[in-house]
1. Looking only at the stretch 88-133, count every residue that is of a type in the set (Lys, Arg) and in contact with a Ser or Thr (Cβ under 9 Å, 6 or more places away or on another chain) and tell me the total.
2. Does Cys143 count as within 18 Å of Gly41 (Cα to Cα) and surrounded by fewer than 13 Cβ atoms within 10 Å (Cβ to Cβ)?
3. What about Lys87, is it closer than 25 Å to Ile203 by Cα and at pLDDT below 95?
4. Test of understanding: among Met62, Met73, which residue is of a type in the set (A, V, I, L, M, F, W, C) and at pLDDT below 95?
5. From Phe61, Phe33, which residue is in contact (Cβ under 8 Å) with a residue 60 or more places away in the chain and either on the phi > 0 side of the Ramachandran plot or of a type in the set (Phe, Trp, Tyr) (or both)?
6. When only residues in the stretch 164-198 that are among the hydroxyl-bearing types (Ser, Thr, Tyr) and at pLDDT 90 or above count, which is surrounded by the fewest Cβ atoms within 10 Å (Cβ to Cβ)?
7. Filter the stretch 98-114 down to residues that are outside any helix (DSSP H, G or I) and more than 14 Å from the ligand (Cβ to nearest atom) and give me whichever is surrounded by the most Cβ atoms within 10 Å (Cβ to Cβ).
8. Output the number of residues of the stretch 62-85 satisfying the condition of being more than 8 Å from the ligand (Cβ to nearest atom), buried (at least 17 other Cβ atoms within 10 Å of the Cβ) and part of a loop (DSSP other than H, G, I, E, B).
Amino acid sequence: MSSVQPKPANRIILLGAPGAGKGTVAKALVDLFGLSHLSTGDMLRAAVAAGTPLGVQAKGFMDAGALVPDELMVGLIADRVQQPDCKGSTGLVRFLLDGFPRTLPQADALDQSQLGPDLVVYLEVDDSVIVDRLCGRRTCPGCGSPFHIHFAAPKVPGICDRCGTALVHRSDDQEDAIRKRLEAFHRQTGPLVGRYASCLVKIDGALAPADVLTQVVSTLRSRGAIADDATQAASAVS
Ligand code: AMP
């Protein structure tokens, strides 16, 4: 029996509503597969905190739960993928995108740069679950660790278990902003599910985090995502 092997997954997109669990899954995948985690939300928050021109432009959109304009986002990612950590030893561009693309024009920009995804992992979660998750979410501005006041409370309330920094309730994790972000997700990001149908795998993101991760990891393994550049080089020439 012959079977067509899918293209090895070097460029991976994590797709899902805000709060679907993309960040948690991404952190685990970085360790397992040695991919660079490109989170546009984290990059923008860093730019806002540093007061860069991008941060100043982005802040108002982010606080309102709206998307930052495409041209700013496309420029941000175009610069980021040039960094050495996105190149495997064979020169192949490898990354795990989290939060980008979020619109059809952003997906077009990726394709035009010959950086379209080999694999899209879509974490599907109901809006009601997302609202419960995000209203209680607390984030560490020091190391990025996520907590939840009910489901994953820190040992000392308000303090990060890992680095001792005071946790924050992000301004865009307030209920009004969450509902706007969900509306933006369905209207602007939803069409990407159809756009990427040929390379998209759906995972039930409402499962327990460990089960979500197990399914994502087995999907990546079955799609040839590997940590070792030497193995990758061998498979590229065989
Ligand atoms: P996130 O942490 O991924 O939920 O992103 C937080 C906020 O950053 C979003 O609500 C948007 O305002 C902005 N943002 C992040 N990624 C993008 C993107 N690809 N396009 C437009 N806005 C974005």
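The values are calculated or read from the model by the stated rules, or taken from the named source; none is laboratory data. Bear in mind that the values here come from a model prediction, so they are computed numbers and not experimental data. Heads up, the Cβs are rebuilt from the backbone with ideal geometry, glycines too, and the neighbour counts pull from every protein chain shown.
1. Start the filter on the stretch 88-133 by keeping residues that are of a type in the set (Lys, Arg), which leaves 94, 102, 133.
Checking the rest, the ones that are also in contact with a Ser or Thr (Cβ under 9 Å, 6 or more places away or on another chain) come to 94, 102.
Residues in the stretch 88-133 being of a type in the set (Lys, Arg) and in contact with a Ser or Thr (Cβ under 9 Å, 6 or more places away or on another chain): 2 in total.
2. yes
3. Judged against the criteria, Lys87 is not a match.
4. Selected residue: Met62, the only one of Met62, Met73 that is of a type in the set (A, V, I, L, M, F, W, C) and at pLDDT below 95.
5. Unique residue meeting the criteria: Phe33.
6. Within the stretch 164-198, the match that is surrounded by the fewest Cβ atoms within 10 Å (Cβ to Cβ) is Ser198.
7. Ser113
8. So the answer is 1.
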